[in-house]
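Here is the structure we will look at.
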Amino acid sequence: MIIKRELKKDGTVCLYLAEESYNPEKKKGEITKKKGEPKILKALGTEQPVQAQAFTEERAVVWAEGRTLGNVVPFSENIIGKFPEAEFGTGVILPCDIVPAGKFRNGAERWWCRTHQVHWGTKADLQAALQSTKEGICCSNADQPMHYTKNPLILDPIDYPGGVGIWAALPSAINTTNEPDLTEVRVHVHARKNPSGSKTLDCNFPAVVVVDPGTLLLDSKTRTRVIIAPPAALAYLEAIINQRPLDTLLCRYCSHPHLDLGDFAKNPHRKHFCANCGYDTNWSKEPIVSNPLKLLSDSLTLNPEFVTSDRTLDLRDYDGCQVKIWASTPAVLWTSPLPQVTGIHIHIYKGEKKVLDDTFGQVTGLDGSSLEREKLLATMLEKVGC
């Protein structure tokens, strides 16, 4: 079997499942075909995603866990899918978005699902398409539930001249409060109108959308926003912490910025696989980890300096209080004119009231020993499986 593409007058490309070869002799009950024309077995719809009645359109951000590839530049603010009622969580099912991606090694047509990040067009795929009762093409990952957040925070750095800081939010290293810790990575945002003023935003979000000021990632006017979702933020953080060579590679076929996740984000490499068009022959000059957030950070960072906090804290002075303790981590995005502060971040609570929220260079624990930032960071990363 093969996939037959037919261009209609309105520009729509229709897809059909057809026999590889066809005997033009007329058989009983069949319509005679022109010599050499393949016999159509089944219509597969168009190259655009099928909008079934069970799907709704939401202003949302969607991402998957366990991927080795991903996208951070959205094509649209709205997403079509089967969304649960909750504002954020997991379980959304998205339709496939199939695009041509060259050929397999045996010469057969190869396709790529941009939604579910998998090739389509093997013999097994064609047989499944023939037997399926669904309209359109469904890749092997079509029923995979994904994470989502509806109506995500849209952040324009221009609105916060005092600076924006965005981090991969990790579970605390030490938590003696009754407040449950994070069980998965989130995106933490600080935003100030004035560098020395109070924070207008100081909260964790499932994902954040940053408005592109017009100079980043792509020149296309239709792609003006960058998604910071947990997998991309965590991959960026790990690369910085482990001093892996980090850069932003643009696909030589479709110019889309390339995002390495999973094992590819842990192991610098030269050959890269585009998650947008499915072509796998993009080469970087040197082994790198590609993450578009690197270009975003480089373009918007005003002050790249880090300073270690000169403040000290003795937790024995707060005996009877509850604490949450983190190692500070490099920001994914930092637009403040001030340098980033490195150290150990502490929240102290007296009952339900937070009495301290600051970063310290040296912290003495309740047992009199000094807390080590590196060990705290290792604990935080271990809790999210890194």
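Summarising the strand pairing of segment 208-365, around 70 percent of its internal DSSP beta bridges are antiparallel.
Mind checking which helices in the chain clear 30 Å along their axis (Cα) and have mean Kyte-Doolittle hydropathy of 0.0 or more, DSSP H runs only? Membrane-span-like by this rule: not one helix.
Each principal axis of the Cα cloud of segment 57-182 was evaluated for its coordinate range; sorted largest first, these ranges are 56, 37, 30 Å. Ranked by the mean number of other Cβ atoms within 10 Å of their residues, highest first, the peptides 290-299, 260-269, 225-234, 173-182 come out as 225-234, 290-299, 260-269, 173-182.
Considering only A191, N178, A233, the residue lying farthest towards the positive end of the dipole of the chain is A233, judged by Cα position with unit charges set on Cβ. Legend: Rg and Dmax of segment 162-301, from Cα coordinates, 16.6, 52 Å. For the chain, what is the relative contact order in percent, using Cα pairs closer than 8 Å and at least 6 residues apart in sequence? In percent, rounded to a whole number, it is 14.
Of the chymotrypsin sites (Phe, Trp or Tyr not before Pro) found in segment 83-189, those that fall in a DSSP loop while having at most 15 other beta-carbon atoms within 10 Å are F104. For segment 117-146 and segment 273-288, what is the separation of their Cα centres, given in Å? Going from one Cα centre to the other spans 24 Å.
Taken about its Cα centre, segment 306-379 carries a charge dipole of roughly 180 debye when the Cβ of each Lys and Arg holds +1 and the Cβ of each Asp and Glu holds -1.
Computed from the alpha carbon positions, the gyration tensor of the chain leads to an equivalent ellipsoid with semi-axes of 49, 21, 19 Å, biggest first.
Our helix-only sum for the chain, with -39,500 (n - 2.57) per DSSP H run of n ≥ 4 divided by its residues, gives a mean residue ellipticity at 222 nm of -3500 deg cm²/dmol. The Rg/Rh ratio for segment 306-379, using Cα coordinates for both the radius of gyration and the Kirkwood hydrodynamic radius, is 0.99.
Distances longer than 23 Å among the Cα atoms of segment 116-239: what percent of all pairs is that? Counting every Cα pair in segment 116-239, those more than 23 Å apart make up 54 percent. Using only side-chain charges placed at the Cβ, +1 for Lys and Arg and -1 for Asp and Glu, the dipole size of segment 77-183 relative to its Cα centre rounds to 740 debye.
In segment 306-379, the DSSP beta bridges split such that about 70 percent are antiparallel, to the nearest 5. Taking amide H positions as modeled 1.01 Å from N, with prolines and chain starts lacking one, the residues under 5 Å from A169 and 5 or more places away or on another chain are R186, V187, H188. Residues whose amide H lies under 5 Å from that of G102, counting only those 5 or more places away or on a different chain, are R110; hydrogens are built 1.01 Å from N in the peptide plane. For the chain, the dipole from Cβ point charges (+1 on Lys and Arg, -1 on Asp and Glu) about the Cα centre works out to 1820 debye, to the nearest 20. Annotation note: GluC sites (Glu not before Pro) in segment 282-386 located in DSSP loop regions with a Cβ neighbour count of at most 11 within 10 Å are E305, E352.
Ordering L371, Y279, L296 by Cα displacement along the dipole of the chain toward the positive end leaves Y279 in first place; charges were set at the Cβ atoms of Lys, Arg (+1) and Asp, Glu (-1).
With contacts taken as Cα pairs under 8 Å and at least 6 residues apart, segment 306-379 reaches a relative contact order of 39 percent.
Every read-out reported here was derived from the displayed coordinates using simple, explicitly stated rules and does not represent laboratory data. Treat the numbers as computed from the prediction; the structure is a model and nothing was measured. Note that each Cβ is placed from the backbone with ideal geometry, even for glycine, and that neighbours are counted across all protein chains shown.
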